[in-house]
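One structure is given below, encoded as structure tokens.
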Amino acid sequence: MKNIVLLGFMGTGKSIIGRRLAVELGYRFADTDQIIEERAHKRIDKIFAEEGESWFRQLELETVHDVSGWSGYVISTGGGVPLQEENLKALSGNGILVSLKARPEVILRRVRKRLGKRPLLRGPHPLSRITRLLTERQPFYDRAAFSIDTSDVDVQESVRRIKIKVLERMGENS
Ligand code: S3P
């Protein structure tokens, strides 16, 4: 059974939508950030602060490699996962890649309360930072099979839209 892999920027709803999608499809759920935190016994912001981003990216690479070997999972990935080609290769080997999108203002509203968990968005002018990072990263997120914009729809509706497209694709390939 193929995995369903959610890619996308911070605050696009990967974790919350992923959990719900997994329940509805009878899949298991995994979140790469959560696995990294468990393995490192540290929160992500601490890993960034104490070990640096490149160490975090290495842990991320190893985690992605491991979860790519599982099957029957909905996998929610950290926003930077698609930036490493090796990650995309591993995840697409046994998974359908779905990209979640949202407008920058919506992203800021969603992540504002937990900016601590997002070291890349700290500092002044988070909105322009989000906009710039989104533009830089769009080509990587576009490597997914399809995308869903979550800006104006609730979790339930996002899940419904993803399910339709995923089931269509599974039908085509069976
Ligand atoms: C990151 C996104 C975060 C987390 C880390 C780096 C990124 O995950 O992996 O702070 O590079 O976009 P979420 O997308 O789950 O917030």
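Using heavy-atom solvent-accessible surface (probe 1.4 Å) with all chains present, what is the largest-first order of R103, R137, R114, R57?
So the residues, ranked largest to smallest area, are R114, R103, R57, R137.
Which percent of Cα pairs goes in each bin when the distances of region 17-75 are cut into 10 angstrom slices starting at zero?
24, 44, 26, 6
Listed highest first by mean packing, meaning other Cβ atoms within 10 Å per residue, what order do 2-10, 165-173 come in? Kindly include the intermediate steps, with their values, before the conclusion.
Details: 2-10: 24.6, 165-173: 12.0.
The packing order, highest mean first, is 2-10, 165-173.
Determine, for the chain, the count of lysine pairs separated by eight or more sequence positions (or lying on different chains) whose alpha-carbon distance falls under 15 Å. Don't jump to the answer; show the numbers that get you there.
Numbers: K2/K89; K2/K163; K2/K165; K14/K101; K14/K117; K14/K163; K42/K117; K46/K117.
Lysine pairs satisfying the spacing and distance rule in the chain number 8.
Could you go through region 92-106 in sequence order and give the Karplus-derived ³J(HN,Hα) for each residue, using 6.51 cos²θ - 1.76 cosθ + 1.60 with θ = phi - 60°, rounded to whole Hz, and x for Gly and Pro?
Whole-Hz 3J(HN,Hα) from phi for region 92-106: 7, x, 9, x, 8, 8, 10, 9, 9, 10, 7, 6, x, 5, 5.
Return the carbon/sulfur percentage of the accessible area of the chain, one whole number, probe 1.4 Å, all protein chains in place.
On the chain, the fraction of accessible area on carbon and sulfur atoms equals 51 percent.
Can you give the convex hull volume per residue for the Cα atoms of region 1-127, as a whole number of Å³?
Per-residue hull volume (Cα only) is 102 Å³.
Do the sum for the chain: with -39,500 (n - 2.57) for every DSSP H run of n ≥ 4, divided by all residues, what is the mean residue ellipticity at 222 nm, to the nearest 500 deg cm²/dmol?
Dividing the helical sum by the residues of the chain leaves -17000 deg cm²/dmol.
Give me the percent relative contact order of the chain, please, defined on Cα pairs under 8 angstrom at least 6 residues apart. Display every interim value, and only then the final one.
Numbers: 247 pairs, mean separation 57.3, N = 174.
Dividing the mean separation by the residue count of the chain yields 33 percent.
I'd like to check one number: the per residue accessible area of the chain, probe 1.4 Å, reported in Å² as a whole number.
On a per-residue basis, the chain sits at 51 Å².
5 Å is the cut-off here: which amide hydrogens, built 1.01 Å from N in the peptide plane, fall below it relative to N3, excluding neighbours closer than 5 in sequence?
Placed amide hydrogens put G72, Y73, G95, I96 under 5 Å from N3.
List the extent of the Cα atoms of region 54-109 along each of their three principal axes, largest first, rounded to whole Å.
35, 28, 16
The values are calculated or read from the model by the stated rules, or taken from the named source; none is laboratory data. Quantities reported herein were computed from a predicted structural model and do not represent experimental measurements. Reconstructed Cβ throughout: ideal geometry from the backbone, glycine too, with neighbour counts over all protein chains shown. Just the protein is used for accessible areas: all its heavy atoms, side chains included, with ligands, DNA and RNA removed. Shrake-Rupley method; radii C 1.70, N 1.55, O 1.52, S 1.80 Å.
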